[in-house]
Amino acid sequence: MPRFAANLSMMFNEVPFMERFAEAAACGFEGVEFLFPYAFEADDIADELKRHGLQQALFNLPPGDWEAGERGIAALPGREAEFRDSVETAIRYARALNCPRLHAMAGLAPEGVSRETWRAVYLDNLRHAARRLAEHDLELLLEPINTRDMPGYCLNHQAEGHDIVAELGEPNVKVQMDFYHTQIMDGDIWKTYQRHRAGVGHIQIAGVPERHEPDTGEVNYPWLFQQLDADGFEGWIGCEYKPRAGTRPGLGWFEAWKRQAG
């Protein structure tokens, strides 16, 4: 059955980051994910994971200057050395946290640089990252992100992501399929998943259009969860949503799924 990972960058913000692991476990989550761990010591995070019996499902490579608005550097010409350093940093954390997969954010398309140019940089950087991660039995993920939440992002559609994976030809590269982004950019979520299932390495969810809990809006998540279960999906479903009014009060959807699965 699908396993749900709480996204600790968005959920349980009522408490400091290092206390969110306990909150997630207490609410019944088996795993966690987050955007970036680098403000904390890897060993301290590993201790929290072990203490609460949680699996680290995913996190991102360093994204450049996030506070200044950067959203990844993998496709940015002139930042290749920084990207390679970020790969090494992420590998160190992944090994400490026993995390099997890492997401490399492409970044915002640089002004005055042709698509052909930045795409070549992106492919070269991804190939380097994939091969370094393969040495540690780690998987590299790409994620198409919608143009409404992140205007200018270099990768927007599921088909684009899978085309890049095919072009790279690296066996440990897959696509992160966030159903929230997919609905906004492509629609037809289930058929899109079926077309690309072999290359999907991780799934994320959020309600559409407001990115709140997956219990309201235009996406029928209970049906999708049932379809994933029937289809034999055994990966993680990351809960990357913004709670409407506190994390715990909004977990009714999760309790219902746990009862069904239990």
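The values are calculated or read from the model by the stated rules, or taken from the named source; none is laboratory data. All values reported here derive from a predicted model rather than from experimental measurement. Glycine also receives a Cβ, built like all others from the backbone with ideal geometry; neighbour counts cover every protein chain displayed. Quick note on the areas: whole protein, heavy atoms, side chains included, nothing else; ligands and nucleic acids left out. Shrake-Rupley method; radii C 1.70, N 1.55, O 1.52, S 1.80 Å.
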Exposure of K242 as accessible area (Å², to 10), given a probe of 1.4 Å and all protein chains:
100 Å²
Measure off 7 Å from each Cα along the Cα-to-Cβ vector at R51 and D215, then give the distance between these two points in nanometres to one decimal.
2.9 nm
If amide hydrogens are placed 1.01 Å from N in the peptide plane, which non-local residues have theirs closer than 5 Å to the one on Q55?
G31, V32
I need the phi-derived Karplus couplings for segment 37-44: 6.51 cos²θ - 1.76 cosθ + 1.60, θ = phi - 60°, integer Hz, Gly and Pro marked x.
x, 6, 7, 10, 6, 4, 5, 5
Could you give the accessible area per residue of segment 3-256, probe 1.4 Å, as a whole number in Å²?
42 Å²
Report the semi-axes of the equivalent ellipsoid for the chain in whole Å, largest first, where each axis is √(5λ) for an eigenvalue λ of the Cα gyration tensor.
28, 22, 17
Under 20 Å between alpha carbons, and skipping anything fewer than 8 positions from K50 in its own chain: which aspartates and glutamates qualify?
E19, E23, E30, E33, E41
Out of the total accessible area of the chain (probe 1.4 Å, heavy atoms of protein only), what percent is carbon and sulfur?
47 percent
GNM, the chain, Cα, under 10 Å: largest mean-square fluctuation among A106, A24, A96?
A96
Given a cut-off of under 8 Å on Cα pairs at least six residues apart, what relative contact order in percent is computed for the chain?
19 percent
Among DSSP beta bridges whose residues both lie in the chain, state the antiparallel percentage, nearest 5.
5 percent
In what sequence, highest mean first, do 112-118, 126-132, 15-21 appear when ranked by Cβ atoms within 10 angstrom?
126-132, 15-21, 112-118
For every other residue with a beta carbon closer than 9 angstrom to the beta carbon of E139, add +1 if it is Lys or Arg and -1 if Asp or Glu, then tell me the sum.
+1
